[in-house]
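This report concerns only the one structure given below.
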Amino acid sequence: MKLLPGNETVLAIPAFLNAAGVPQLVHATNGTVVPFDGVTKAVLDSYITKTAPAAANPTLGGNLSGAIRDDMALGLTGSERSTSRTITSVGRNEALTFFNFQANLTVFLDADRALSSASVFNLARISTRVQGLPYVLAHRLGRRNTDLSVVGEDWSFYYAETGQPVPGYGDGEEQTIALNFVPKNLVNIAAALGA
């Protein structure tokens, strides 16, 4: 038996809704747009390599993995169901209505915020400091966070908006920001990455 190493990647990819209400992801450097259910290797790779804010790559988001504390909660929770019936329904009737998930990450703060072009901590802070920004959180298990994506590997995608960042600064502890994303009930779990 071979087990996956305990490596994780978390990308925050800026998104917007098209006219049909489907989230669209934006490539970090060339502006290409892809739908939530058609994420490509090129889009993921453009954010995997983005580990610091820089003028050459001005979009928000990026590879936040190196800034996230190891107690994150990113994954599905109990889904909501409807048991409503019509007058002609036979037996029990139950249907999924919303896919619930939680996206709570705590990131560390950089001691020197002036070094914004060289810090994954500042990338996380800058990308999430405004409430209500839509993101697709892309999550991969079992590969180093700096490894480029591979066609066919599993990624999970969560559509959420930034919540109110909550600063944390305990006595003698590192300064942190709790990022409690607001789930928007769109998920794609363990999706095989396409070209």
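The values are calculated or read from the model by the stated rules, or taken from the named source; none is laboratory data. A quick note: this is a predicted structure, and the numbers were derived from the prediction, not measured. Cβ placement follows ideal geometry from the backbone for every residue including glycine, while neighbour counts extend to all protein chains displayed.
Cβ-Cβ distance below 6 Å, separation of 6 or more or different chains: which pairs start in segment 98-110 with a residue that is under 9 Å from residue 176 (Cα atoms) and end on one that is aliphatic (A, V, I, L, M) and outside any strand (DSSP E or B)?
Close Cβ pairs satisfying both conditions: 107/67; 107/124; 108/67.
Where the second residue is charged (D, E, K, R) and the first is more than 22 Å from residue 189 (Cβ to Cβ) and lies in segment 10-32, which pairs have Cβ atoms under 7 Å and are six or more apart or on separate chains?
28/50
Is there a residue being surrounded by 15 or more Cβ atoms within 10 Å (Cβ to Cβ), in a strand (DSSP E or B) and modelled with pLDDT of 90 or more anywhere in segment 46-62?
There is at least one residue in segment 46-62 that is surrounded by 15 or more Cβ atoms within 10 Å (Cβ to Cβ), in a strand (DSSP E or B) and modelled with pLDDT of 90 or more.
How do the strands (runs of 3 or more DSSP E) wholly within segment 105-195 filter down when requiring 1 or more residues that are exposed (fewer than 12 other Cβ atoms within 10 Å of the Cβ): which remain?
Passing ranges, in order: 166-168, 182-192.
Would you confirm whether any residue within segment 1-15 is among the β-branched types (Val, Ile, Thr), at pLDDT below 95 and closer than 16 Å to residue 134 by Cβ?
No; the residues of segment 1-15 include none that is among the β-branched types (Val, Ile, Thr), at pLDDT below 95 and closer than 16 Å to residue 134 by Cβ.
Would you mind finding the one in 170, 142 that is free of Cβ contacts under 8 Å to residues at least 24 places away in the same chain and over 21 Å from residue 34 (Cβ atoms)?
170
So residue 136 ticks every box in (1) at pLDDT 90 or above; (2) over 23 Å from residue 40 (Cα atoms); (3) touching a Phe, Trp or Tyr at 6+ places or on another chain (Cβ under 7 Å) but one. Which box is left unticked?
(2)
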